[in-house]
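Data block below; observations after.
The values are calculated or read from the model by the stated rules, or taken from the named source; none is laboratory data. Because the structure is a prediction, the values reported are computed rather than measured. Quick reminder, even Gly has a Cβ in these numbers, built from the backbone with ideal geometry, and neighbours come from all protein chains shown. Quick note on the areas: whole protein, heavy atoms, side chains included, nothing else; ligands and nucleic acids left out. Shrake-Rupley method; radii C 1.70, N 1.55, O 1.52, S 1.80 Å.
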Amino acid sequence: MSKQVEGIRRMLLILNKLRQTRKYTPKVELVNYVNDRMTGYYGYNSISDRTIERDICDIGELFGIYIKFDRSQQGYYIEENVGSYEEHVSELMMNFDLINSIEKDPNLSSFVLAEHHRPLYSKWLVPLVEAIKNTNPVYFSYVDYRHGNRINRYHVYPHYLKESNQRWYLLALDGNKMKTFGIDRIRNLEVIKDETFVRNLDINVVEIFKDCYGIWNDVNIPVEDVELRYDALDGSFIKSVPIHHSQQIITDTDEEFRISLRLRITNDFIMELLSRSRSIEVIKPVSLRERIKTIYKEALLRNS
């Protein structure tokens with residue numbers, strides 16, 4: 001987690017420097033400013049120009065504040081049309097608070113399950129972390145996308161936050177049943193701070209999701225052996241970021257990249273396969289191959 005805290009500190013320093021400058025900030029000046037404060041105030045090692053460039057890209061992708069480089073002026077500047085700057089910075093600070101709170105309490109790392117991606121953030125994350133930490137029940141309204149955006153009200157006992165595909169999910173007990181809620185669909189969250197509950201320590205969340213891709217684990221869907229073939233280019237990406245922990249490499253040549261997996265074939269998994277439509281070939285099971293084929297046929301008809 002300390003690497004994430006370090007990165008967010010750099011981002012805040014970059015934004016602070018650029019807002020202080022009337023127009024353009026030379027690269028050397030920006031790098032020196034960030035380094036002086038990171039090494040002098042926080043005791044971190046100095047960083048390179050390339051690290052600053054990566055941070056600038058992340059600031060744009062994650063928080064919508066786009067920083068440009070003007071070659072004629074040889075300097076960085078914040079693009080004017082960035083919406084509410086204060087709102088974006090508030091989101092960045094919230095992100096910092098979330099990671100900081102986890103880092104300060106090592107026990108929280110077992111309740112907040114992050115993946116290797118950079119997830120989108122929500123204003124509900126920090127209060128939910130606190131509710132989990134303090135075992136407080138929560139009330140909220142929830143938008144059900146699958147049923148015409150119907151609004152349901154829940155009173156639940158929060159146990160885990162889990163990240164999947166760059167989104168955060170709350171795992172909470174609703175009565176005796178563990179349910180999953182997309183945080184982006186939560187509205188009007190209320191933490192009941194004068195109430196506590198006894199956390200169920202027998203729930204093994206890693207075990208719950210070990211046979212699924214993403215967040216949905218329908219026990220009615222069987223666990224199956226899957227074999228997939230890609231070209232070498234897509235294979236390079238899949239090798240560096242495996243689709244699932246069960247992934248095993250069968251073939252890795254200049255002509256093809258073939259893997260095996262063992263998991264439940266859920267809609268989330270299907271969507272992941274479609275993201276590499278350019279080269280994917282489903283070898284087995286036949287049922288999955290036919291399912292992908294049907295999706296492609298229907299898409300072709302819609303777009304013909």
Cα→Cβ-extended label distance, 7 Å offset, between ASP70 and GLU224, nm: 5.8
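What ranking of TRP216, TRP168, TRP124 comes out by heavy-atom accessible area, probe 1.4 Å, highest first? Could the numbers behind the result be given before it?
Numbers: TRP216 85, TRP168 20, TRP124 45 Å².
From most exposed to least exposed: TRP216, TRP124, TRP168.
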The range 155-304 shape via C-alpha gyration tensor axes, a/c threshold 1.5: prolate
GLY214 long-range amide H proximity, modeled H, under 5 Å: none
Accessible-area ranking of CYS212, CYS57, largest first, probe 1.4 Å: CYS57, CYS212
In order through the range 221-231: 3J(HN,Hα) via Karplus (6.51 cos²θ - 1.76 cosθ + 1.60), integer Hz, x for Gly, Pro: 8, x, 7, 10, 7, 10, 10, 10, 10, 10, 7
Accessible area of the range 173-304 belonging to carbon and sulfur atoms, whole % at 1.4 Å probe: 50
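Provide the gained length on full extension for the span TYR154 to ASP184, in nm with one decimal, where the gain is 0.36 nm per separating residue minus the Cα-Cα distance. Before the final figure, lay out each step's value.
Values: separation 30, 0.36 × 30 = 10.80 nm, distance 1.51 nm.
Stretched fully, the TYR154-ASP184 segment lengthens by 9.3 nm.
For ASP49 and ARG19, FRET efficiency with R0 = 30 Å and r from the beta-carbon atoms, rounded to 0.05?
On the way: r = 21 Å, r/R0 = 0.69.
Efficiency computed from Cβ-Cβ geometry: 0.90.
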Gain upon complete extension [GLU79, THR253; 0.36 nm per residue less C-alpha separation]: 58.2 nm
Accessible surface of ILE249 - all protein chains present, 1.4 Å probe, nearest 10 Å²: 90
Probe 1.4 Å - accessible area at TYR44, Å² to nearest ten: 50
